[in-house]
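The values are calculated or read from the model by the stated rules, or taken from the named source; none is laboratory data. If you're wondering where the values come from, they're calculated on a predicted model, not measured in any experiment. Quick reminder, even Gly has a Cβ in these numbers, built from the backbone with ideal geometry, and neighbours come from all protein chains shown. Only protein heavy atoms, including side chains, enter the accessible area calculation; ligands, DNA and RNA are left aside. Shrake-Rupley method; radii C 1.70, N 1.55, O 1.52, S 1.80 Å.
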Amino acid sequence: MLVAVPAPVAQDVERDLCATAVGRACRVLRVETLPEPLPRGLIILWDQGGPLEAVKSRCQWVHARRMPTRTWLVVLTSRDGVEAEILNEAGADECVAPPGTLWGARISALRRRSADGDALALRRTRDIFQGALDAVPEPLFIKDREHRYVAVNSAFCRLVGQPVEVLRGNVSPSGLPAHEAELSWRQDERAFTTGQTVEDEGGFTDMKGRSREVFTQRAAYTLPNGERFVVGLVRDVSERSRLETQRRLAERMTSVGTLAAGVAHEINNPLSYVTSNLAYLWERVAQPVVPAEQLEELRQVVAEALEGAGRVRSIVRDLRTFSRAEEESHGPVDVKRAVDGALKLMHDELQHRARLTCEVEPVAAVLGNEGRLGQVVMHLLLNALQAFGERPAEENQLRLRVRPGREGHVLIEVEDNGLGMPADVRQRIFDPFFTTRAPKGGTGLGLSICLTLVHAMGGHIEVASEQGQGSLFRVELPALTAQAEASKPVALAPPANGPPPSARAARNLRRLLLIDDEPAVGSAVSRLLRNLYEVHVIQDAREALKRLSHGERFDAILCDLMMPGMSGMDFLVELERLAPELAPRTGLMTGGVNPQAREFLGRRAKELLEKPFERDQLCSFVETLMQ
């Protein structure tokens, strides 16, 4: 209580105040001059009966400097009526005849008023705070040091499909998969312990089981009392990720389209002598008797045809690896093989546009994706070719080098003696859709995609270039450790001459059911395996199920994946129901896999034989099924 009254009056006030328990607990401050800032509590002013304006000015001065919800201004005055109303309008809460009474009751009333004011202010502050959170269009949450939600906005509630009342006080939304909850907890803890902004991107599963790709930023902060909290902002990037995937695929297929003429040339060359040799072979074997002196030539004809078919198969395999949309898996990548695959696809283009020098030193494997790494090399080579402009091919020098980098890294360098780049272009070359080519010279996405793919493999890419001096692109990727290399699954080497001796020696040949809608494939596979297994060829999977249901038994089944009527996937599902003991000994073969089929294979089939295949691959695959 602040008392600014004459001493005798102040004593009367204190005497009345001390008559109550509430009053005895109060501290009374007697002052002649009012302090600044004004304290909370009762403020008592004295009106000594002078001019009304002087008392009014004093009331206005106090009212302007006090906190209305925390103070109660009483004027001890003998004035009443209109003059008392004027003092009330000037800020006085009461005008009381001196020395006044019931001071303890006024203290109690002021405390209730202050509590009500605090509650109202708290509600207002809370409403302002929640309104500010809800105004943020993206999901936002705040957690305490125990990782419990203390505040969320409406966008976050919509994201997780739960109201704020359910979320508040919990560590994670109910129904969230354990691995996602654990990852979220670790990222919260990382923000708390490091004090830095933590960013991560990953999957999020809502109450309905729908999976989304989200990007989350977290930052910790501390209140003046030492309490710590973390605030998180969540962005749903599912659509962005989908569009990014489509963009990468579109650019990859654009690159394939750019190389189409060269690839066709590479295929047509071996195909021409394959068909010519087969035609010649057909003419020779059509004779009643083949002279002995022609046998060596015929063997050479067959060898050349096989070699040409092998070249075509290699080109198709490299092209399929490059253009496959669903290749997102990461694992050990043989850098040399990825580079070789890119060079094969680029062979015709490089041969007619530049003089290429390749220096590939032995390097460790890297963690990534072979198709994606090959795509990076292709884009860098294409970019180098475009940098030459219209110069003659003999003037264009291109060097591709693979070598060990700094400790634990692998370097891939592509250097050209092209036109080079000024500083302003060099700063923007990795921006999406930025290109210096003519309108039909490029999409401006190639180097942007290179940057994205290299970062995804944990590496970085840099460029050194001066106008008129050519360019050097350097890709640095972290190498796999020896321990990681040792943990790679070891592929079983195919037998040099078919299955093990025990299989070849068996007199009672094991039975193999071969299902393929292409009669030529069935005949070819049957010829390759007929001395090793008793092969039964069927062109319809439904007919195969019918024979199995009638009791016919086989030691293994080899089925084509994509067939009309009933596919290999449908056949395997039915087989698991009809003969579950035979399903593990059923292998699938295919010349191409769509995303649906690849997902099916990942869940059900442990083996897949890709066409075209060589005899050793086929024998090894079937023998594995038999075991």
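Before moving on, here are some points about what is shown:
- If you filter the stretch 367-400 down to residues that are open to solvent by 60 Å² or more (accessible area, probe 1.4 Å) and basic (Lys, Arg), you find that the one that is farthest from the chain's Cα centre (by Cα) is Arg391.
- Count - residues of the stretch 579-612 that are at pLDDT 70 or above, open to solvent by less than 60 Å² (accessible area, probe 1.4 Å) and within 15 Å of Ala556 (Cβ to Cβ): 9
- Selection within the stretch 4-27 - within 12 Å of Trp103 (Cα to Cα) and not in a helix (DSSP H, G or I): Cys18, Ala19, Thr20, Cys26
- For the stretch 351-390, taking the residues that are assigned to a helix (DSSP H, G or I) and over 21 Å from Ser465 (Cα atoms), the one that is modelled with the highest pLDDT is identified as Leu373.
- Of the residues making up the stretch 333-361, those that are farther than 28 Å from Gly389 by Cα, touching a residue at least 40 places away in the same chain (Cβ under 8 Å) and either in contact with a Leu (Cβ under 7 Å, 6 or more places away or on another chain) or not acidic (Asp, Glu) (or both) are Val333, Val335, Lys336.
- Of the residues Cys59, Cys26, the single one that is under 25 Å from Asp116 (Cβ atoms), buried (at least 20 other Cβ atoms within 10 Å of the Cβ) and in contact with a strand residue (DSSP E or B) (Cβ under 8 Å, 6 or more places away or on another chain) is Cys59.
- Any chance Met569 is surrounded by 18 or more Cβ atoms within 10 Å (Cβ to Cβ), at pLDDT below 90 and either closer than 23 Å to Ser620 by Cβ or outside the structural domain of Arg372 (by the TED database) (or both): yes
- Restricting Pro98, Pro139 to those that are assigned by the TED database to the domain that holds Val28 and open to solvent by 10 Å² or more (accessible area, probe 1.4 Å) reduces the list to Pro98.
- If you filter the stretch 204-217 down to residues that are of a type in the set (A, V, I, L, M, F, W, C) and either assigned to a strand (DSSP E or B) or within 17 Å of the chain's Cα centre (by Cα) (or both), you find that the one that is surrounded by the fewest Cβ atoms within 10 Å (Cβ to Cβ) is Phe215.
- Only one of the numbered conditions (1) without any contact (Cβ under 8 Å) to a residue 24 or more places away in the chain; (2) among the hydrophobic types (A, V, I, L, M, F, W, C); (3) over 16 Å from Lys143 (Cα atoms); (4) surrounded by 11 or more Cβ atoms within 10 Å (Cβ to Cβ) is not met by Ala178, and that is (4).
- Among residues of the stretch 213-235 that are farther than 20 Å from Val136 by Cα, those with a beta-carbon under 9 Å from a residue that is open to solvent by less than 30 Å² (accessible area, probe 1.4 Å) and charged (D, E, K, R) at least six positions away or on a different chain give the pairs Glu227/Asp144; Arg228/Asp144.
Residues are listed down the side, and each one gets a yes or a no for (1) assigned to a loop (DSSP other than H, G, I, E, B); (2) at pLDDT 90 or above:
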| residue | (1), (2) |
| --- | --- |
| His147 | yes, yes |
| Val150 | no, yes |
| Val171 | yes, no |
| Leu176 | yes, no |
| Ala181 | no, no |
| Asp188 | no, yes |
| Thr193 | no, yes |
| Gly202 | no, no |
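- Complete set of residues in the stretch 64-112 that are touching a residue at least 60 places away in the same chain (Cβ under 8 Å) and of a type in the set (Ser, Thr, Tyr): Thr101, Ser108
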